[in-house]
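A short worksheet on the structure shown next.
The values are calculated or read from the model by the stated rules, or taken from the named source; none is laboratory data. Not measured: the values here are computed from a predicted model. Every residue, glycine among them, receives a Cβ derived from its backbone with ideal geometry; neighbour counts consider all protein chains shown. What goes into the accessible areas is simple: the full protein's heavy atoms, side chains included, and nothing from ligands, DNA or RNA. Shrake-Rupley method; radii C 1.70, N 1.55, O 1.52, S 1.80 Å.
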Amino acid sequence: MRITRLALQDFRNHKETVLELDGRHVCLFGANGAGKTNLLEAVSMLGPGKGLRAAALPALVRMNGDDKASGWALSANVDDDGLNRRIQIGLENTPDGRSKRVAKLDDAPVSQTELAELLRIVWLTPSMDRVFAGPAGDRRKFFDRQVLAHAPPHGRAASNYEKAMRERNALLEQPNAASAWFAGLEARLAENGAVMAYNRARALRRLQAAIDARPDGYFPKADLALDGPFERMAQEGASLAEIQQAMAEGLADGRARDRAAGRTLTGPHRTDLLVMHRPKKLAAAQCSTGEQKALLIGLILANAKALLEGDFAPNPLLLLDEAAAHLDSDRRAALYDELAALGGQAWLTGTDAALFDAFDDRTQRFEIVEGSARSV
Ligand SMILES: Nc1ncnc2c1ncn2[C@@H]1O[C@H](COP(=O)(O)OP(=O)(O)O)[C@@H](O)[C@H]1O
Ligand SMILES: [Mg+2]
């Protein structure tokens, strides 16, 4: 799976940018604020969800002082195992003055899950640098992104789960809510939550296997664990139905406690991802910033590899924003060698063209200047 052409219209600071790609990895360089990350964000928007900045869709509309475009549009041609397909994503205004996301594949409407089946996208951005030291919710989000690349229906299960949980939390506020109402919502929570736990456990197993298979090198191995009772059940071989039942019972038993707390206290929305730096036998949160970054790069590379080896999943797109900037030249060269060996298509950004020298002719380079791209 490779992008062969990418066109942006009125997206962030790109008025009209077109990249014609020849199938190699892609390096984008240019000054701060030129629009490099915006380009990676555009690629990330081709898949399901909100993209790598998790921005609201209207925030992506190009603004220039008081001059605001009416919507944005992305178009990508992808080479799907020899087949040329066209993805179009955009924000369009509806007659009633609102705006909505439209997505098309080969000119026909397409769902988020179908897009996720077609494009497996993983990314690494500077904002993830604190993921090990930050709150559990950040790690959960980070990990769920990795899971989504393995199991596209994970996204739908997670959003159904969130929705049912919000409704249950609202119900907890009502002193006279009938228990049948709880039971209905809890059944939905358990159905979707069990799928989430199951997908996470399976993705974790694949990811850990890919980490274990990596050569020892500059990007240290991590030992991963999911800290959540339902993921643990899945890891111990429980069936989906068993996890679902345990979750539904846990929710029913916990109503009084949850009412006192004002929110739902058990479930996969509380799970944490535990990460250990294997060579140091140290929790990732206690590692230096540089070590955490190296761990993260190793994780993302391993996940790309795990995706390549998974069933019939297409090759992943790997978006690495500013990943090279803080690596010394040996580590940079090691990263590029790994990417070259990996296959798939990697997109990298950096301020300076020289950062990509060790890539030689294994990449295609573009200079980004004030929202436009020039092939160099
Ligand atoms: N909706 C928008 N319309 C126009 N410009 C935008 C919009 N959103 C962000 N920008 C501009 O895009 C630039 C940042 O681009 P970015 O891709 O993050 O830069 P970099 O090349 O450093 O990665 C900033 O100058 C920012 O103001
Ligand atoms: Mg940037």
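Taking L301, is it within 16 Å of ligand 2 (Cβ to nearest atom), surrounded by 16 or more Cβ atoms within 10 Å (Cβ to Cβ) and not small (G, A, S)?
no
Filtered by the rule that a residue be open to solvent by less than 20 Å² (accessible area, probe 1.4 Å), more than 7 Å from ligand 1 (Cβ to nearest atom) and of a type in the set (A, V, I, L, M, F, W, C), region 22-38 gives V26, C27, L28.
Of all the criteria given as (1) touching a residue at least 60 places away in the same chain (Cβ under 8 Å); (2) over 16 Å from R263 (Cα atoms); (3) open to solvent by 20 Å² or more (accessible area, probe 1.4 Å), the one not satisfied by E162 is (2).
Cβ-Cβ distances below 9 Å connect the following pairs, each with a first residue in region 340-352 that is more than 12 Å from L40 (Cα to Cα) and open to solvent by 10 Å² or more (accessible area, probe 1.4 Å), a second residue that is assigned to a helix (DSSP H, G or I) and within 16 Å of ligand 2 (Cβ to nearest atom), and a separation of six or more residues or different chains: T351/K36.
Just so you know, in region 243-290 the residues that are in a helix (DSSP H, G or I) and acidic (D, E) include one that is nearest to A203 (Cα to Cα), and it is E249. For first residues located in region 12-40 and within 13 Å of A373 (Cα to Cα), partners that are more than 11 Å from ligand 1 (Cβ to nearest atom) and part of a loop (DSSP other than H, G, I, E, B) and lie 6+ apart or on another chain with Cβ distances below 8 Å form the pairs F29/D352. Of everything in region 11-21 that is open to solvent by 20 Å² or more (accessible area, probe 1.4 Å) and within 16 Å of ligand 2 (Cβ to nearest atom), the residue that is farthest from I89 (Cα to Cα) is N13.
Among residues of region 48-66 being more than 10 Å from ligand 1 (Cβ to nearest atom) and either touching a helix residue (DSSP H, G or I) at 6+ places or on another chain (Cβ under 6 Å) or outside any loop (DSSP other than H, G, I, E, B) (or both), the one that is modelled with the lowest pLDDT is P48.
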